[in-house]
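A short worksheet on the structure shown next.
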Amino acid sequence: MSNQKLFLSLLAVAIFIVVVILVPRIFKTPEPIITGESGLVTIEPVIWTDPDKPMQSGYLEESEVPDNAIAITITEEGFFPESFEVKKGKKIVLALTSEDKWSHILKFQDEELIEIAVAVGTGKTSAITFYAPDEPGEYVFYCDISGHVTRGEHGKMIVK
Ligand SMILES: [Cu+2]
């Protein structure tokens with residue numbers, strides 16, 4: 001193979017990589033987040049680097065919580081609302097706010113959802129982004145701080 005042919009082959013490979021792999025990634029529109037009321041939401045400036053894994057945000061100001069996030073507050077009385085509905089397989093942003101003097105951790109009971117966990121300190125809000133399970137059903141969540149679940153800190157995510 002002459003040098004010129006080799007050069008052209010490499011050029012073709014490089015163009016292929018740019019057009020087929022890189023361009024779609026750069027211009028990919030964000031996936032809509034379905035939360036009950038549909039719409040597009042991203043938590044800026046956090047970039048979700050690994051969509052296979054749930055991603056927790058840092059503490060958010062009220063204005064930083066996406067409009068269509070599922071907002072849940074937690075007190076020693078429990079979670080409010082106690083249940084919420086999502087569509088199977090869709091991207092979800094769940095924002096948890098602690099409204100009492102305790103820290104809380106929202107976790108799911110289901111083994112498959114073990115990585116979905118969001119922790120908040122007193123008066124703080126934090127969000128977690130994840131994909132809803134593909135399997136419709138009811139998924140129980142609870143507060144993982146010792147003693148909290150027995151005082152009623154549990155609820156369910158209904159996947160339809
Ligand atoms: Cu708790």
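Values quoted throughout were computed directly from the atomic coordinates according to the rules given, and no laboratory measurement underlies them. Given the structure is predicted, the values throughout are model-derived calculations rather than measurements. Quick reminder, even Gly has a Cβ in these numbers, built from the backbone with ideal geometry, and neighbours come from all protein chains shown.
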Order of Thr75, Thr122, Thr97 from fewest to most other C-beta atoms within 10 Å?
-> Thr122, Thr75, Thr97
Plugging the Cβ-Cβ distance of Asp50 and Lys124 into 1/(1 + (r/R0)^6) at R0 = 22 Å yields, to the nearest 0.05, a FRET efficiency of 0.35
With a point put 7 Å past each Cα toward its Cβ, work out how far Leu11 is from Glu77 in nm, to one decimal.
-> 7.1 nm
Counting other Cβ atoms within 10 Å, which trypsin sites (Lys or Arg not before Pro) in region 92-124 have at most 12 and lie in a DSSP loop?
-> Lys101
Put in order of increasing Cβ neighbours within 10 Å, starting from the fewest, Ser83, Ser2, Ser9 give Ser2, Ser9, Ser83
Starting from the alpha-carbon convex hull of region 50-159, give the projected area averaged over all orientations, in nm².
-> 6.3 nm²
Among Met157, Met55, which comes first, then next, by fewest other beta-carbon atoms within 10 Å?
-> Met55, Met157
